[in-house]
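S.K.: Okay, handing you the structure first.
The values are calculated or read from the model by the stated rules, or taken from the named source; none is laboratory data. Fair warning: this is a prediction, and the values are worked out from it, not measured in the lab. Quick reminder, even Gly has a Cβ in these numbers, built from the backbone with ideal geometry, and neighbours come from all protein chains shown. Heavy atoms of the whole protein, side chains included, go into the accessibility calculation; ligands, DNA and RNA do not. Shrake-Rupley method; radii C 1.70, N 1.55, O 1.52, S 1.80 Å.
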There are 2 protein chains.
Amino acid sequence: MIELRPGPLHDAVAHLAFLLGTWRGRGRGEYPTIEAFEYDEEIVFDHVGDDYLVYTQRSWSPADGSPIHLERGFLRPGGDGRVELTVAHVLGVTEVGEGPVGPASFSVASSSIGRAATGSDVTSIERRYRVEGDALSYQLDMTTGSTPLSRHLTAELRRQP
Amino acid sequence: MIELRPGPLHDAVAHLAFLLGTWRGRGRGEYPTIEAFEYDEEIVFDHVGDDYLVYTQRSWSPADGSPIHLERGFLRPGGDGRVELTVAHVLGVTEVGEGPVGPASFSVASSSIGRAATGSDVTSIERRYRVEGDALSYQLDMTTGSTPLSRHLTAELRRQP
């Protein structure tokens with residue numbers, strides 16, 4: 001059996017190349033219903049030569065390395081200067097986010113949240129990502145069934161050599 | 001910064017251990033609207049010591065190794081002998097699947113499909129997975145906006161040493 005043979009970066013995602021790489025750093029979590037906490041995180045934007053980027057996220061406790069959260073998904077061009085983010089969360093939740101992309105940033109608001117029977121009570125998510133030099137910063141706001149839109153995550157990660 | 005430090009398999013997913021590993025093989029794709037095709041595939045069920053499995057899928061052309069499809073997500077226990085599968089697809093689609101788990105099998109039907117503005121017109125997905133010895137076989141049926149529930153994928157993969 002031959003292997004998956006990724007080609008060069010697809011033209012359709014050339015304008016998203018600013019995201020490519022492995023990013024690591026420290027983030028801050030908060031929400032009206034919980035105590036604020038810190039987390040260490042790695043985000044990877046990768047590609048396989050097709051018309052989307054592969055998004056891999058994991059975060060863990062700075063104290064003992066135990067996992068805090070994992071997300072996996074894809075970022076792809078939408079119509080007219082927009083991007084579409086599809087994400088599976090560990091918490092029994094899926095997310096479709098859509099929004100504008102700039103020269104070194106994008107933001108998405110959820111157009112769809114899927115929730116399994118025992119899934120987390122998330123009802124909407126808004127994300128903003130920005131790259132400046134070797135820094136990727138993002139903010140994530142979230143609504144649940146009982147809490148209006150509130151800041152949940154803020155992080156600044158560094159591009160890994 | 002310390003690293004993510006995965007622990008031993010979490011008790012909550014001990015009954016899903018039959019899925020753990022890297023599985024590779026050949027599959028067959030079909031659908032009433034397309035010509036049948038073959039694909040090579042790798043599926044990985046992994047864990048990080050928490051109460052879910054990490055699901056990673058990629059398939060590619062047997063002819064030239066070019067990517068055909070990628071899926072990423074998580075499998076976790078639901079209530080009462082059930083599992084919950086959250087999946088992000090490259091095609092602008094997310095999927096939440098729920099269904100029963102047996103000693104060496106599980107099946108899920110989508111309870112939620114999310115679709116981005118330019119996403120694929122999938123409206124429901126049903127999956128069945130079964131492990132026998134070193135073989136993982138699965139079937140996937142799919143409904144779209146214009147086609148009733150029809151077989152889309154059939155594959156048998158071998159556990160990699």
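S.K.: Do you know which residues across the stretch A:131-153 are surrounded by fewer than 18 Cβ atoms within 10 Å (Cβ to Cβ), among the hydroxyl-bearing types (Ser, Thr, Tyr) and assigned to a strand (DSSP E or B)?
M.R.: Correct list: A:SER137, A:THR144, A:SER150.
S.K.: Okay, moving on. Under the condition of being out of contact with any Ser or Thr (no Cβ under 8 Å at 6 or more places or on another chain) and either of a type in the set (A, V, I, L, M) or within 14 Å of chain B (Cβ to nearest Cβ) (or both), which residue from the stretch A:95-118 is farthest from A:ARG24 (Cα to Cα)? Walk me through it before giving the result.
M.R.: Step one: filter the stretch A:95-118 for residues out of contact with any Ser or Thr (no Cβ under 8 Å at 6 or more places or on another chain), giving A:101-108, A:111, A:118.
From what is left, the residues that are either of a type in the set (A, V, I, L, M) or within 14 Å of chain B (Cβ to nearest Cβ) (or both) are A:101, A:104, A:106, A:108, A:111, A:118.
On the way: A:VAL101: 22, A:ALA104: 18, A:PHE106: 19, A:VAL108: 21, A:SER111: 28, A:THR118: 31 Å.
Only one residue fits best here, namely A:THR118.
S.K.: Same structure, new question: Pick out the one residue from A:TYR39, A:TYR55, A:TYR31 that is of a type in the set (Phe, Trp, Tyr), at pLDDT 95 or above and within 26 Å of B:GLY25 (Cα to Cα).
M.R.: Working: A:TYR39 fails: within 26 Å of B:GLY25 (Cα to Cα); A:TYR31 fails: within 26 Å of B:GLY25 (Cα to Cα).
Residue meeting the stated conditions: A:TYR55.
S.K.: Right, here's the next one. Just to be sure I understand, how many residues within the stretch A:1-25 are exposed (fewer than 15 other Cβ atoms within 10 Å of the Cβ) and within 13 Å of another protein chain (Cβ to nearest Cβ)?
M.R.: Count: 7.
S.K.: Could you identify the single residue in B:ASP80, B:ASP46 that is modelled with pLDDT of 95 or more and out of contact with any helix residue (DSSP H, G or I) (no Cβ under 8 Å at 6 or more places or on another chain)?
M.R.: Numbers: B:ASP80 fails: modelled with pLDDT of 95 or more.
The unique qualifying residue is B:ASP46.
S.K.: Further, regarding this structure: Given A:VAL83, A:VAL108, which one is of a type in the set (Val, Ile, Thr) and touching a residue at least 40 places away in the same chain (Cβ under 8 Å)?
M.R.: Values: A:VAL108 fails: touching a residue at least 40 places away in the same chain (Cβ under 8 Å).
That would be A:VAL83, the only listed residue that is of a type in the set (Val, Ile, Thr) and touching a residue at least 40 places away in the same chain (Cβ under 8 Å).
S.K.: Has the stretch B:28-37 got at least one residue that is open to solvent by 30 Å² or more (accessible area, probe 1.4 Å), hydrophobic (A, V, I, L, M, F, W, C) and within 13 Å of chain A (Cβ to nearest Cβ)?
M.R.: Here is the first cut: in the stretch B:28-37, the ones open to solvent by 30 Å² or more (accessible area, probe 1.4 Å) are B:28, B:30, B:32-37.
Right, trim to hydrophobic (A, V, I, L, M, F, W, C) and you get B:34, B:36-37.
Add one more test, that the residue is within 13 Å of chain A (Cβ to nearest Cβ), and what stays is none.
Scanning the stretch B:28-37 turns up no residue that is open to solvent by 30 Å² or more (accessible area, probe 1.4 Å), hydrophobic (A, V, I, L, M, F, W, C) and within 13 Å of chain A (Cβ to nearest Cβ).
S.K.: Check the stretch A:100-107 and report whether any residue there is within 24 Å of B:ARG58 (Cβ to Cβ) and open to solvent by 10 Å² or more (accessible area, probe 1.4 Å).
M.R.: No; the residues of the stretch A:100-107 include none that is within 24 Å of B:ARG58 (Cβ to Cβ) and open to solvent by 10 Å² or more (accessible area, probe 1.4 Å).
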